[in-house]
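Enquirer: Below is one structure. I have some questions about it.
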Amino acid sequence: MKRLFLIIIIKIIFLANIFANGLTISDISYDLVAGNVSYKIQWNNSWYFNTGEPSNYDAVWTFVKFRDCSAPTSDQFTHGTISTNVADHNLSPGGTTRLQFVNATGTFNAIDAAPNNTGAMLKRKNTGYFANPIADTITLKITNLPVAGTLDLRIFAIEMVFIPSGNFFLGDGNTTNNQFRTSAADNTPILISSENIVSVYNSVAQINIPASFPKGYDAFFIMKYEITQQQYADFLNSISDAYYPTRFLGNFNSNRNRLNNTGTYPYIHFSDRPYRAQNFISWADITAYLDWAALAPMSEIQYEKACRGTMGYFPGEYAWGNTYRIAGNNFNNTEDGTEILNTGNCIFNNITFTGGDASNGPVRVGIFATPSVTNREQSGATYYGVMEMTGNVFEWCVIATETSTFEKSWGNGTIAGTHNEPLWPSGTDPLDKNTIVRGGAWHLTTDYTSVSDRRFATLTTAVWTTPGTASSVSAAVYTGANVYNPNGRALGLGGRGVR
């Protein structure tokens, strides 16, 4: 029996260039007899380059959730598991294959082994730049679909960027804000050349970061953009109604947050600015989202790798590799998903915008990647093409410590209000201080936005309550006595995940 449902269309549209993409999912159907799900996928302005630097590609992480239509809304959606046999899927129903699977290590024509077969990573099969490719119909074998019933079936897709394995420098040679360096007497950055134990000085002590802690040497995928307001709404709309009140962020219409909860089922949560980066995301919120999406939080060392790549270090550098920075402040038109800022390459310094919705807060992801830009500095992109790793909203990361038990571990697609991954920092324990924010945010008036800045590594009153700088973070996150609140929702907090 076959039913056709178009439950969710995730549509993220940006202006055409190598960094800003359009992604659509449409024509969703399922066949319970065959155990298959089919849909069309299209994303514009994608790339795959295997020569030159950087040799990498963008991709789409796509996953499936379903629930029987007769089930109460308090029931959880089931996260679909993907057959690990590539032959069970069809990426070329018309006879022309334009896409291919890739697993988390970057191996082509492969799907992650169970129990991590919680989605499919898709990339372009052929090399080149693809400005406006046609939609591809794909059919995935979902091994845990029921054999009968009528399903509320939901397909999700998130744009990713592949970060290849390779050496890079940790730290930028500065010492003023807890940057990593070789030793107390040697300010030289550390060359990361493996995932083995590495000795670093963290401005407090010489520590040995465990081999199990993700250091960015091994390949990984990272979300191309910060979590958007529509992506977070989709998350809330696809979890049990017993849990979404806990994860709803509140603060509607504060600092350009337009996430609302006044809709009707199945779209109770929505934003009329769907492409805008989501702020007010606590550690508990982002890890719940990443667990639900079968992704993981990134380590702070992976953050530096994704920004700096294999280039050398530059003191005080931002994500685009130098210290040139201008705050964007003037929208060219209504904020309908096509708006651009007439000046700038970064969102910082508590700018009050003119044009558009005005006010101050985060902006549309990928906003500086316009047709007229010609380099990373202008578009605000990292070495590998990841957007807004400097400014806009903070990037939640796992802090590198000598006693860290964090290791590469992806979410399983199911949450119970908070994440349930034992190797991740807790989403509920105020004494589990193994998190850090990196990259700065829209409201900070001092230089918190450089790639290697780690001033939030120390939970002290001096760091977290400096007037005019981080006080808005501390009010929600820092609760005194070296304790933080994992549910603290500050106006500059956001982020993304890795796979």
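The values are calculated or read from the model by the stated rules, or taken from the named source; none is laboratory data. What you see is a predicted model, and the numbers here were worked out from it, not measured in a lab. Cβ atoms come from the backbone with ideal geometry, glycine included; neighbour counts cover every protein chain shown.
Enquirer: So which residues in the range 168-217 are closer than 25 Å to VAL498 by Cα, polar (S, T, N, Q) and assigned to a strand (DSSP E or B), if there are any at all?
Expert: SER199, ASN208
Enquirer: When only residues in the range 336-359 that are modelled with pLDDT of 95 or more and under 19 Å from ASN251 (Cβ atoms) count, which is surrounded by the most Cβ atoms within 10 Å (Cβ to Cβ)?
Expert: Filtering first and then ranking leaves ILE347.
Enquirer: Answer with yes or no whether ALA110 is of a type in the set (A, V, I, L, M, F, W, C), under 30 Å from GLY417 (Cβ atoms) and assigned to a loop (DSSP other than H, G, I, E, B).
Expert: Spelling it out, it is not the case that ALA110 is of a type in the set (A, V, I, L, M, F, W, C), under 30 Å from GLY417 (Cβ atoms) and assigned to a loop (DSSP other than H, G, I, E, B).
Enquirer: Right, here's the next one. Among (1) modelled with pLDDT of 95 or more; (2) surrounded by fewer than 24 Cβ atoms within 10 Å (Cβ to Cβ), which single condition is ASN434 missing?
Expert: (1)
Enquirer: Next question, about the same structure. Among the residues of the range 42-68, which ones are closer than 19 Å to PHE156 by Cβ and within 20 Å of the chain's Cα centre (by Cα)?
Expert: Once the filter is applied, which keeps residues that are closer than 19 Å to PHE156 by Cβ and within 20 Å of the chain's Cα centre (by Cα), the range 42-68 yields GLN42, TRP43, ASN44, SER46, ASP58, ALA59, VAL60, TRP61, THR62, PHE63, VAL64, LYS65.
Enquirer: Yes or no: the range 213-233 includes at least one residue that is surrounded by fewer than 21 Cβ atoms within 10 Å (Cβ to Cβ), out of contact with any Pro (no Cβ under 8 Å at 6 or more places or on another chain) and touching a residue at least 60 places away in the same chain (Cβ under 8 Å).
Expert: yes
Enquirer: Taking the condition of being in contact with a helix residue (DSSP H, G or I) (Cβ under 6 Å, 6 or more places away or on another chain) and either at pLDDT below 60 or among the small types (Gly, Ala, Ser) (or both), how many residues in the range 447-469 meet it?
Expert: Matching residues across the range 447-469 total 3.
Enquirer: Follow-up question, since we're still on this one. Restricting attention to the range 191-204, which residues are over 25 Å from the mean Cα position of the chain (by Cα) and either outside the structural domain of PRO266 (by TED's automatic domain parsing) or touching a residue at least 60 places away in the same chain (Cβ under 8 Å) (or both)?
Expert: Scanning the range 191-204 gives VAL200, ASN202, SER203, VAL204.
Enquirer: Of the residues that make up the range 371-382, is at least one farther than 30 Å from GLY411 by Cβ and among the hydrophobic types (A, V, I, L, M, F, W, C)?
Expert: Within the range 371-382 (the criterion being farther than 30 Å from GLY411 by Cβ and among the hydrophobic types (A, V, I, L, M, F, W, C)), the answer is yes, since at least one residue qualifies.
Enquirer: Only one residue in GLY427, GLY413, GLY440 is surrounded by fewer than 24 Cβ atoms within 10 Å (Cβ to Cβ) and over 22 Å from GLU159 (Cα atoms), so which one is that?
Expert: Result of the check over GLY427, GLY413, GLY440: GLY427.
Enquirer: Another question, then. (1) in contact (Cβ under 8 Å) with a residue 40 or more places away in the chain; (2) over 24 Å from ASP453 (Cα atoms); (3) acidic (Asp, Glu): which one isn't true of GLU300, the others all being true?
Expert: Evaluating GLU300 over (1) in contact (Cβ under 8 Å) with a residue 40 or more places away in the chain; (2) over 24 Å from ASP453 (Cα atoms); (3) acidic (Asp, Glu) leaves (2) as the failure.
Enquirer: Would you check which residues across the range 308-344 are under 20 Å from PRO362 (Cα atoms), under 24 Å from the mean Cα position of the chain (by Cα) and not aliphatic (A, V, I, L, M) and list them?
Expert: Residues satisfying the conditions are TYR318, TRP320, ARG325, GLY328, GLU335, ASP336, GLY337, THR338, GLU339, GLY344.
Enquirer: Could you pull out the residue among ILE347, ILE351 that is closer than 30 Å to GLY411 by Cβ, assigned by TED's automatic domain parsing to the domain that holds TRP442 and in contact (Cβ under 8 Å) with a residue 40 or more places away in the chain?
Expert: ILE347
Enquirer: Picking from PHE235, PHE270, PHE248, PHE280, which residue would you name as being farther than 30 Å from PHE168 by Cα, of a type in the set (A, V, I, L, M, F, W, C), at pLDDT below 95 and in the same structural domain as ILE301 (by TED's automatic domain parsing)?
Expert: Selected residue: PHE280, the only one of PHE235, PHE270, PHE248, PHE280 that is farther than 30 Å from PHE168 by Cα, of a type in the set (A, V, I, L, M, F, W, C), at pLDDT below 95 and in the same structural domain as ILE301 (by TED's automatic domain parsing).
Enquirer: Could you tell me which numbered condition TRP47 fails, if it satisfies all but one of (1) modelled with pLDDT of 85 or more; (2) surrounded by 15 or more Cβ atoms within 10 Å (Cβ to Cβ); (3) more than 23 Å from THR228 (Cα to Cα)?
Expert: In the conditions (1) modelled with pLDDT of 85 or more; (2) surrounded by 15 or more Cβ atoms within 10 Å (Cβ to Cβ); (3) more than 23 Å from THR228 (Cα to Cα), TRP47 misses (3) alone.
Enquirer: For the range 98-136, what are the residues that are loosely packed, with under 12 Cβ neighbours inside 10 Å and either of a type in the set (Phe, Trp, Tyr) or not assigned by TED's automatic domain parsing to the domain that holds PHE49 (or both)?
Expert: Within the range 98-136, just PHE108 meets the criteria.
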